[in-house]
Amino acid sequence: MIQLENIIFLIVAGLGIGLFVWQIRKIRKNILIGRDVELADNPSERINKTLLVAFGQQKMFKRMLPAVLHLFVYVGFLVINIEVLEIMIDGVFGTHRVLGFLGPFYDGLMAVNEILAALVIIACVIFLWRRNVTKVPRLATGVEMRAWPKMDANVILITEIVLMFALFAFNIADLKLAALNNHDLPGSFPVSSAFVDAFGSDAGTLATIASVGWWIHIIGILAFMNYLPSSKHFHIIMAFPNVYFSKLLPKGKFTTNPAITHEIKAMLDPSYQPPAPELDVDGNPIVQRFGAKDVEDLTWKQLMDSYTCTECGRCTSVCPANITGKLLSPRKIVMDTRDRMEEKGEHPAIFAPNHYKELGVERVQITDEKTLLRGYITPEELWACTTCNACVESCPVNIDQLSTIMDLRRYLVLEESAAPASLNAMFTNIENNGAPWAFPPSDRFNWAEDLYVPSKN
Ligand code: SF4
Ligand code: SF4
């Protein structure tokens, strides 16, 4: 029998899910600001990669302690979602533990849920400790990591702890009520059983605690779901598509610019016919920049990368440029791309302020023109990159920071001729001498003559 409580639940759940869908649509629009790129090839290799890196957390296990703690939280998230399904059905139809008919499977599920919920609480407390007390360097506030990421992480960790305690409150009160009424509660509750007398034996109080715990748990989950798109924890959703669409080519292999490739092919073979340029909706040819100046010059995958970033700092902590005191931080490159995309897309996240604006800190603005290049990322940062790929290798969600750096650099070189003087000298040498050195091709074998010792015979 559907009651007022169920109708209220239906409205709350409908609002929560509706808001989440609205946010996802905004994010999709923002990602589609990027250029199109075909990444649907080789689905079997992509699925394998997703199973290993996203589901299997393969890259996390390079650092054992955070990997194990993260695994508790991650598996807890996956398994506890099954219980959310039951809560939704109970909430809508006024049933009580509707999946109880699954018998031993339900017993096992509830037991695993409880153990994982306890492990999630322990892991979250340790994560809070690492962030706020021991201040692990890569997580601590630094030049590019200002207050927001730290607060964001604390909000999520505390919310997860509250959600788990609410679940335990519900289970403990429910268990005790069942015992008082002499009926068997479906399920097995190894943790709650140990605390079954924690709330006393008054049936009215227990019913209130069970109800409050149940509501806090479900409202907390809906709020958490709607907070995610504004948070670095959005990676729990985005990691899967992001890893699926990540680069399959060897890391060191750079992409070429198709327009330049066609031009060179036409130079080498006059009969070569370059493909017709793409047309916009008005039928005009789309003229693409060489390289990237702003977010619309990057691909949708590069923009998706920025929504997937967990802001963990692994990339920056292994970046040789950053370690040796240069301005570059690959994490900042990704966060800047996200900030600029949200600004340009005019679909800002509900809660997350621009990483800099929220502290009133001015960005380094070296021109009036507001673009990703210079408005957010300076050439000095870009030229500090050694293209070593250490950041790409270390990223647990397969973000390709280097591809964004390279596209921004390409713009500087190809559109502005704004490479550092040493590189410009090398470009000239390659153009004139076919090699990076300042010697003509005719001198190339001089070294052999210097070594040549004529035979005495
Ligand atoms: S590729 Fe560039 S940004 Fe990435 S780790 Fe190497 S130097 Fe740093
Ligand atoms: S780009 Fe990857 S490694 Fe770097 S902070 Fe983001 S998630 Fe971590």
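Of the listed pairs K301/K344; K62/K251; K150/K326; K232/K326, which have alpha-carbon separations greater than 21 Å here? From K301/K344; K62/K251; K150/K326; K232/K326, over 21 Å: K150/K326; K232/K326. Within straight-line reach of K26, meaning a Cα separation under 15 Å, sit the following aspartates and glutamates at least 8 residues removed in sequence or on another chain: D339, E342, E343, E346. When the Cα positions of M238, H96, A118 are compared along the charge dipole of the chain, A118 comes out farthest toward the positive end, with charges on each C-beta of Lys, Arg, Asp and Glu. Against the chain, whose longest principal axis is taken from its Cα atoms, helix 421-433 shows a tilt of about 50°. Output the 0 to 90 degree angle, nearest 10, between the alpha-carbon long axis of helix 203-227 and the longest principal axis computed from the alpha carbons of the chain. Approximately 10 degrees, to the nearest ten.
For the chain, the solvent-accessible area with a 1.4 angstrom probe is 52 square angstrom per residue.
Fully extending the segment from D202 to E45, taken as 0.36 nm per residue of separation minus the present Cα-Cα distance, adds 50.7 nm. To put it simply, the accessible area of the chain at a 1.4 Å probe is 66 percent carbon and sulfur. Please report the spacing between the Cα centers of segment 196-234 and segment 248-298 in Å, no decimals. With segment 196-234 and segment 248-298 each reduced to a Cα centre, they are spaced 54 Å.
Each part gets one Cα centre, and for segment 27-55 versus segment 90-143 those centres are 28 Å apart. Shown here: segment 196-282, whose C-alpha atoms stretch 91, 38, 16 Å along the first, second and third principal axes, sorted largest to smallest. Judged by the gyration tensor of its Cα atoms, with axes a ≥ b ≥ c, the chain is prolate; a/c meets the 1.5 cut and a/b is the larger of a/b and b/c. Annotation for H183 and D280: the two label points, set 7 Å from Cα along the Cα-Cβ direction, are 6.7 nm apart.
Helix 401-414 and the longest principal axis of the C-alpha atoms of the chain enclose an angle of approximately 30°. Taking packing as the residue-averaged number of other Cβ atoms within 10 angstrom, the listed peptides 17-25, 79-87, 184-192 run from highest to lowest as 184-192, 79-87, 17-25.
Using only the Cα atoms of segment 1-127, build the gyration tensor, take square roots of its eigenvalues as a ≥ b ≥ c, and label the shape rounded, prolate or oblate: rounded if a/c is under 1.5, else prolate if a/b is larger than b/c, else oblate. Here segment 1-127 falls in the oblate category.
The slack in the chain from M267 to V413, taken as 0.36 nm per residue of separation less the alpha-carbon distance, amounts to 50.4 nm.
The values are calculated or read from the model by the stated rules, or taken from the named source; none is laboratory data. Small disclaimer: the values here were computed from a predicted structure and weren't measured. Here the Cβ is made from the backbone with ideal geometry for all residues, glycine too, and neighbour counts use every protein chain on show. With ligands, DNA and RNA removed, areas are computed over all heavy atoms of the protein, side chains included. Shrake-Rupley method; radii C 1.70, N 1.55, O 1.52, S 1.80 Å.
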